[in-house]
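First the structure, in the form of C-alpha cells, and then the observations on it.
The values are calculated or read from the model by the stated rules, or taken from the named source; none is laboratory data. Computed from a predicted structure; not experimentally measured. When we count neighbours, we look across all protein chains shown, and the Cβ atoms used for this are built from the backbone with ideal geometry, even at glycine. With ligands, DNA and RNA removed, areas are computed over all heavy atoms of the protein, side chains included. Shrake-Rupley method; radii C 1.70, N 1.55, O 1.52, S 1.80 Å.
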Amino acid sequence: MTLPLIAEHPLRLLLYLITTWLALGLAGLPTPRGGRLVARVLFPLGAMICLAVATIAAIFLLTGHAPQTAILPFGLPDLPFHIRLDALSAFFLLILGLAGAGISIFSAGYFRAGEGTAPGLMGLQYHVFLASMALVLLADDAYLFMVAWETMALSSYFLVTSQHRIPEIRRAGFLYLLMAHVGAICILLSFGVLQGGSWQFTFDAMRHATSTLTPFLATTAFLLALLGFGMKAGLVPLHVWLPEAHPAAPSPVSAMMSGIMLKTAVYGFLRISFDLLHVRFWQWGVLVLAVGLFSAIYGAIFAAVQSDMKRLLAYSSIENIGIIFTGIGLAILFETSNLHLYAALALCAALVHALNHSLFKSLLFLTTGSVLHATGHRNLGKLGGLIRRMPWVATIALVGTLAIAGLPPLNGFVSEWLLLQSFLFTPQIPHAFVNMFVPLGAAVLALTAALAAYVMVKFYGVVFLGQPREASLSEARDPSWLERIGLLWLAIGCIAIGIVPQLAMRPAAGVTGMLLGQTVATSSLWWIAPIAPQQASYSGVILLAGILGTIGITFLLVRLLAHGRLRRVPAWDCGYPHQTARMQDTAEGFGQPIRHMFGAFFRIERDLPTPDDIAPRYRMRLEDRIWRTLYLPIARATQKIADMVSILQSGSLSIYLLCSFLTLIVLLVFVL
Amino acid sequence: MKSITVFRQFGEMLVAIAIAPLFAGWIAQCRAWMQNRSAPPLIQPYRMLRKLFDKDVALAETASPLFRITPYILFGTMVLAAAIIPSLATDLPFARAADAIALIGLFATARVFLSLAAMDIGTAFGTMGARREMMIGFLAEPALLMILFNAFLLFGSTALPSLVDGYRAHPSLMDPSIIFAAVAFVMVLLAENARLPIDNPTTHLELTMIHEAMLLEYSARHLALVEWASNLKLFNYACIGFALFIPWGIATHSADGVVAMLISDAALAIKLIVAGAALALIESLSAKVRIFRAPEYLAMSFLLAVLGLLVHLLLGAKQA
Amino acid sequence: MPYTVPILNLLAACLLLISFAMLSRRRTQRLVNLFAWQGAILFLSTCLVAHSSGLHELYYSAALTLLLKVIALPLILHRLINRLGAQWDSETVVNIPLTMLAGLVLVIFAFGLAQPISMMATTITRNMLGIALAVILLSFLMMITRRKAVTQVIGFLAMENGLFFAATSATYGMPMVVELGIALDVLVGVFILGLFFFQIREQFESLDLRNMENLKED
C-alpha cells in the first residue's frame, strides 16, 4: 500500500477495512471457546486495522483532502446508503483508530474463556461494535446513520451484558438499552425535522433544507439532537445509564464505550448542530455551555465520592464529556457572535480534548481491567499498595492519572489550556449578562480540573499506593505482554500529544476549517500560540525538557555534594507503633471533604454504629438525587399507564379480537 | 538569542534558589519579633538544610520509588517555576514556554506528587494530609485563575512577562479590580503555602496539620529538598504577586544594561523585605480557622477575584 | 481633575466589597462597624462628586451622611446591642458560601440591569448605578438570610445607603428637602425599631425572629 493510493481512495480503503473487521469477527465464530485463535490472531489483526484506519484518517486530514462521497451498492430498496468522508468524520475516525488499536491489542490478552461470553462470540460482538462505530462516522444519510447507530447500541449492549448471569449486570444492560433507544428516537425525530419538508434524507439535502427552516423548527431539531446525543454522551441529567453500564462491562469494553462510543455522540452532535444546522442562535450556545459545565462539575463531584474504581472512572467520563460540550457551547456562542477565530479555538479545544480523553480514559479503564484480573477486586476498599506488586501497570497508570488530572506536560493539560484560553475572550461576547456570566464558566472549569486532580489522586493513591488492604493482594502480578503493549501504546499517545500538542491540533484544524472556515494559528510544530505569541504561548517539549533538566541536575548535585547513605526502617507515623493497613484513608474517607462540601448534590443514607456495638459496621449509601427526582417519577408514571392499559388484558380471546376489530373499524372510518 | 538573556534566565533561577530560604527565615524572624519572642537568626533555614543534608536517610520499609523521586520532582518544578516568573527581568527566553496557566499547572503537578508520596507509605497521618492538601488545592486553583483572568482583561496576556511589560507601559492605569485581585491573591497565597489562617507552619499537633502531615515520613536529604521546595514555592508566589500587582523595578524588555539590573535587584530586595514583614503581620494577627471553615475562606478569595472581574467589566472597560 | 473617576470607581468598588463583607460576617458588632465604614465611603464619594460637579448642596448631604451614618447610627446601634446582649448572630438561614454565591449572581443581575440605564445617564458617575443597585440587592439578601432582629435593621440601613448612592451617582443627589426627610425617617425608624427590640425580647426572651413564626394563626 503506497501513500498516493491512500491519498487517492481513502474512502474505498476504509470500506475494505470495515469489511475486514466484520470478517475477523465472523472468523472467530466456528471455535467460540478456543481462545487461542481469537487472542493471538484475530484481536491483533483488528488492532492493525485500527492503526490503518487511523493512518488513513490522519493522512486525509493533513493533506487537506476534499470530502469524498460514495453510494453503496446495497441498502434499503430504492434507498441506497450514502457515505462520505470529510474532515469531521476523519478526525473521529482518527480517535477510533488510535484508541481502538490500544484497546484491541489489550483485549487480545484480556478476554479468556470462562468469564461470561465465550471469546469467539465476544470477538464478533467486539468487531461489529467497531465497524458500526466507523459506519456511524461515515454515514451520509439518515438511514445509514440510524442503522449503524442502532447496531452500535445493540452490539455494545451484548458486550456490556457479557456476564449476564449476574442480575445487576442484566439490570444495568437493560437500563443502557432503554436509554439508548429513547436517545435514538430523539435523533430520529431530529432528522425528521431537519429534512424540512423535502423528504430527502441524505445529509447533503438536509444541509440545503435547513436554511429554510423556521427558527422554531431549527431549535426543535437542535434540542432533539442535544437530547438524543446527550443521552448517548452521558450529559447530566441524561447520564444515569453510564455509571451503571461502565462497571458492568468487561474493562476493554468499558474503555471502548467511554473512549470511543461517547465520542460518536459528540460527532453526531457536531454534525447536526454545525454541519447541518449551521449554528444559528447564540442561545443554543448558552444552553450547551450550561449543560456542559454542569455535567463537568457534577461528574467530578460524584467521581470523588465513589468507592468502585470503574464507577469512579465512569463519573469521570461524564466530567470529561461535560468539558467537551463546554468547548462546543463556547464555540457556538463565539460563532453566532461573529467571533470566528475564537470559535475555532474553542472547538479545537473540544476536539483535542475528545482525542485526549479517548486515550487516557481508555488507558485507565484498561488498567482497572489488569487490576481486576490480578486481584479480583473492583472495590477500592480492598486494594492498595499495588505499585510494589504490579510496577508496570502502576507506572503506566501514573501517566494516565497525571494526564486526566490535567497536569503539564501531558495531554490533558493541553486541551484544558486551550479551553481556558478561549474562555479568556468571552467578555467580548456582545450580549449583556452572557458576557458577565460566561467568564465564571472558566472558574467552574478550573474547579472541575482541580477536582479531577483530587479524584485521580484518590484513585491512584488508594489503588496503587499505601499498604495492601487485603492479604490476597500479594499474589497480584503484572499482566501479559499483549496487555502491556496495549497500555504502553495509549500511554505513549498521552505523552506524545502532551509534548507536541500540534499532533492533535493540526488534525483538529482541519475540522474547524471545515465547520467554521477558521483555524487557529499553527505556526510551529513545537509551540502553540493560538491567538498571538505575546498573548499566550505554550511549549510542552520545552517544559518537559525544563522539568527533566532541573530534576536531573538536582539529582546529580545532591548525589555529588551530599552522601547517599540510606537505611530502611519501619514507617515512623509520629511514633505510633501499631500501624495497620486499615488505618489508611479508605476511598470513602478520602472523598469525605467533598461529601461534606457538596452535600446538597447527594442523597446519603448512613448507618452509624452505636458506641457499645461489639461488631460495629459503618455503612453508607450515596445516591444521585436526579435518579429519584427525575427518573423514578417517569418510571412510576409509565408503570401506571401500563397498568391502566392492562385492564384490556382480560384473557378472553374474543375480547382481544373485538379490540382489533374496533381498531380496524375506526381506522376505516378515518380513511374513508 | 542574546547571551545576556540566557545569563539572566539562569541568574534568576539561581537567585531564587539562594534567596528562598532567606525569605522564609526573614518571615520567621519578623513573626518572632511581633510575638515578643527572641528571633532565630536569619540563616537558620540554611543551617537546617545543611543539617538535613548531613543526616542519613531513614526510609520507610514500605516506600516505593515514587516516594523517593518526589522530593526531586518538587524541587525541580519549583525551580522551573522560578524560571518562568519574572522576578528580576521580563526578558526570559524560557517564560515563553509556559504562561501563567501553565504555571498553575506546574504548581498542581507538584501538589499532586507530594500528595501521592504522602499516600505511598500508607500511614494514617500521611493520607489525612494528602486529602486536606488536595482539598485546599482544588478550592484555591479557581481563585488563582480568576485573578489571572483579571490581569488578562487589563493587559491582554496570560504570560507573566507580557503582563509586567503591559503594566509598566501604562503605569497610570489604576483599575479598582486590581485591589480586589490583590486581596484575593494574598488570601490564596496564605492558603497555598500552608500559612496561618489555614495551616500553621510551625505546628507540632498532628491532627491539625496539612502540609507537615505529608512530610512526616521524609528525612534527611529528601526532607531538605522538600523544605527547600516549599521555601521556593513561597518565594515564587511572592514573586507572582510582585509581577501582578507591584511590578515596579523589574527590568523590562526595553531596559538593558547593568543599571536596570541593579535597580531590579534592589527593588526585589525591598519588596521581599516589606512583603515578608507584611506576611508575618497577617499571620500574627490571624488565628487558625477550623479545617471546615477553610472552604469558606477560599470561597471568599474566589468571590473577591470574581468581583474584581465584574467591577472591571462594568467600570473599567469604558474608560480604558 | 484627572483622577476623579478612578477614585470614584475605587470607592464604589469598596462599597460593594463592604456589602459582601457584611454578607459574610457573623458577629453583629462587626456588622455595625462595616456599616459605619460604608457610611464613610459614601461620605467621601459624595464629597468627590460635589467637588467635581460643583454642586455645593451635595456637601450638605455629605455632611449629613457623616453625622448620621458614620457617627450617630453606629453609636446608637452599638449601645443597643450592648443593652440587649445581642453580640452574636451565628445563625444564618443558608450557609455563608452559598449566600455569597447568591450574592454574586445578584451582582451580575444588577450590573446587567444597570448597563442600559447607565448608557442613557450623562453624569460622570453613571457606571456606578450598577454598584448602587447591587448594594441594595445585597442588603436585601442579608435581611433575608439572617435571623436576628438587629441584623435586619442593619440590612435595612445598608439598603438605604445603596439608595443614597444610587441617587448621587445617577442624578447628583435628590433635592435637599427629600434627603432631610429620609434622614429623619431613618433616625426615627431606628429609634422605633430599638423600642421594638425590647418588646420582642420581653415577649420571647430572645431576639431570634424564628419565634415570630409562632404568631401566625393556625
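Remarks
- With contributions of -39500 (n - 2.57) from each DSSP H run of at least four residues, the per-residue ellipticity at 222 nm computed over the protein assembly as shown stands at -23000 deg cm²/dmol.
- Heavy atoms of A:T375 accessible to a 1.4 Å probe, total area in Å² rounded to 10: 20
- Exposure rank, largest accessible area first [A:H340, A:H246; 1.4 Å]: A:H340, A:H246
- Global form of the range A:330-482, assessed from the alpha-carbon gyration tensor, a/c cut-off 1.5: prolate
- Chain B contacts chain A over a buried accessible area of about 6700 Å², both sides summed; the probe is 1.4 Å and only protein chains count.
- Degrees between helix B:220-245 axis and first principal axis of chain B (Cα, 0 to 90, nearest 10): 20
- Cα-based shape type of the range A:1-203, given that a ≥ b ≥ c are square roots of the gyration tensor eigenvalues and the cut on a/c is 1.5: oblate
- The range B:3-319: C-alpha gyration tensor shape, a/c 1.5 cut-off, then a/b vs b/c: prolate
- For chain A, the Cβ-based charge dipole about the Cα centre amounts to some 1500 debye (Lys, Arg positive; Asp, Glu negative; other atoms uncharged).
- For the range C:37-47, backbone phi angles converted through the Karplus equation (6.51, -1.76, 1.60; θ = phi - 60°) give residue-by-residue couplings of 4, 4, x, 4, 5, 4, 4, 4, 5, 5, 4 Hz, Gly and Pro being listed as x.
- Of A:K458/B:K55; B:K233/B:K271; A:K361/A:K382, those spanning more than 26 Å from alpha-carbon to alpha-carbon: A:K458/B:K55
- Applying a DSSP loop filter and a limit of 11 other Cβ atoms within 10 Å to the chymotrypsin sites (Phe, Trp or Tyr not before Pro) in the range A:357-438 leaves nothing.
- Separation of the A:I166 and A:A615 label points, Cα + 7 Å toward Cβ, nm: 2.5
- Solvent-accessible area of A:D275 with every protein chain in place, 1.4 Å probe, in Å² to the nearest 10: 20
- For the range B:130-137, 3J(HN,Hα) per residue [Karplus equation, 6.51 cos²θ - 1.76 cosθ + 1.60, θ = phi - 60°, Hz, x = Gly/Pro]: 4, 4, 5, 4, 5, 5, 4, x
- Pairwise burial A:C, computed as accessible area of each alone minus the pair, summed, 1.4 Å, Å²: 600
- Rounded to the nearest whole angstrom, the semi-axes of the ellipsoid equivalent to the range B:189-320, taken from the Cα gyration tensor as √(5λ), stand at 31, 25, 12, largest first.
- By a 1.4 Å probe calculation restricted to protein chains, C:C47 has an accessible surface near 30 Å², given to the nearest 10.
- Near the amide H of A:V569, within less than 5 Å, lie the amide hydrogens of B:L59, B:A60, B:E61, all on another chain or at least 5 residues away, with H placed in the peptide plane.
- Of the solvent-accessible surface of chain A, computed with a 1.4 Å probe over protein heavy atoms with every protein chain present, carbon and sulfur atoms account for 67 percent.
- Amide H within-cut-off set for A:D141, under 5 Å, with H built and near neighbours excluded: A:H82, A:F203
- Among the chymotrypsin sites (Phe, Trp or Tyr not before Pro) in the range C:1-87, those placed in a DSSP loop whose Cβ has at most 15 other Cβ atoms within 10 Å are C:Y3.
- For chain B, the longest principal axis of the Cα atoms and the long axis of helix B:100-120 meet at an angle of about 0 degrees.
- Average beta carbon contacts from partner chains per residue of B:57-67, 10 Å cutoff: 6
- Partner shielding of C:100-110 amounts to 4, given as the average count of beta-carbon atoms from other chains within 10 Å of each residue beta-carbon.
- Using θ = phi - 60° and Karplus 6.51 cos²θ - 1.76 cosθ + 1.60, couplings along the range A:200-213 (whole Hz; Gly, Pro as x): 9, 10, 7, 4, 4, 5, 5, 3, 7, 5, 5, 5, 9, 5
- Qualifying trypsin sites (Lys or Arg not before Pro) for the range A:27-71 [loop in DSSP, other Cβ within 10 Å: at most 11]: A:R33
- Kyte-Doolittle mean at least 1.6 and Cα axial length at least 30 Å: DSSP H helices in chain A: A:87-110, A:282-304, A:434-464, A:540-561
- Residues of type lysines that C:K69 reaches as a straight line, Cα spacing below 29 Å, ignoring anything fewer than 8 places off in the same chain: C:K148
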